[in-house]
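The values are calculated or read from the model by the stated rules, or taken from the named source; none is laboratory data. Keep in mind that what you see is a predicted model, and the values were worked out from it rather than measured. Neighbour counts run over all protein chains shown; Cβ positions are idealised from the backbone, glycine included. The accessibility values were calculated without ligands, DNA or RNA, using every heavy atom of the protein model including side chains. Shrake-Rupley method; radii C 1.70, N 1.55, O 1.52, S 1.80 Å.
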Amino acid sequence: MNIPANLKYTKDHEWVSLEGNIATVGITDFAQKELGDIVYVEVETLDQTLAKDEVFGTVEAVKTVSDLFLPLSGEIIEFNEELETTPEAVNSDAYGKGWMVKVKISDRSEVDSLLSADAYKELIGA
């Protein structure tokens, strides 16, 4: 299972990559494997400011629909539009082409509440 050490993670299986005050968010390799074949990613919160842990979208797999929780408070400034035509990118490249949103974070201190790669591995028993 792929759990890059340079990323941060949530207990809800989202990953976060930080560049300054912009966070790129997606779901982990573990999450996409648990969900199975992803057929649709919906994000209707573009240009909205949401609090940490609010639902920012949903991911639909063949057998289930799961909410996506925002790992850090901020404004959703970009949605990965490639996922509209190729949602399976989340399965094939969860940490690359499968990213979901970019967020302009509003509270940098919230980063401290995210999990390290080692803590995430412990959470999922990897």
Which ones in region 89-123 are acidic (D, E) and either open to solvent by 70 Å² or more (accessible area, probe 1.4 Å) or in contact (Cβ under 8 Å) with a residue 40 or more places away in the chain (or both)?
D107, E110, D112, D118, E122
Answer yes or no: is there a residue in region 46-53 that is open to solvent by 20 Å² or more (accessible area, probe 1.4 Å), out of contact with any strand residue (DSSP E or B) (no Cβ under 9 Å at 6 or more places or on another chain) and of a type in the set (S, T, Y).
no
Looking for whichever is touching a helix residue (DSSP H, G or I) at 6+ places or on another chain (Cβ under 9 Å) and more than 21 Å from K121 (Cβ to Cβ) here; the options are I3, I105, I77, I22. Which one fits?
I105
When you scan region 77-104, how many residues do you find that are β-branched (V, I, T) and closer than 14 Å to F56 by Cα?
3
With surrounded by 13 or more Cβ atoms within 10 Å (Cβ to Cβ), over 16 Å from L7 (Cα atoms), of a type in the set (S, T, Y) and without any contact (Cβ under 8 Å) to a residue 40 or more places away in the chain as the only criterion, which of T86, T64 stands out?
T86
Going through region 17-26 in order, the residues found to be under 13 Å from the mean Cα position of the chain (by Cα), surrounded by fewer than 21 Cβ atoms within 10 Å (Cβ to Cβ) and closer than 15 Å to D112 by Cα are S17, L18
When you scan region 70-83, how many residues do you find that are open to solvent by less than 60 Å² (accessible area, probe 1.4 Å) and either within 10 Å of the chain's Cα centre (by Cα) or farther than 23 Å from M1 by Cα (or both)?
8
Right, E14: surrounded by 21 or more Cβ atoms within 10 Å (Cβ to Cβ) and either at positive phi or in contact with a Ser or Thr (Cβ under 9 Å, 6 or more places away or on another chain) (or both) or not?
yes
Show me the helices (runs of 4 or more DSSP H) found entirely inside region 1-118 where at least 3 residues are β-branched (V, I, T).
none
Pairs, please: C-beta under 7 Å, at least 6 apart or cross-chain, first residue open to solvent by less than 10 Å² (accessible area, probe 1.4 Å) and in region 27-43, second at pLDDT 95 or above and among the polar types (S, T, N, Q)?
I38/Q32; I38/N91
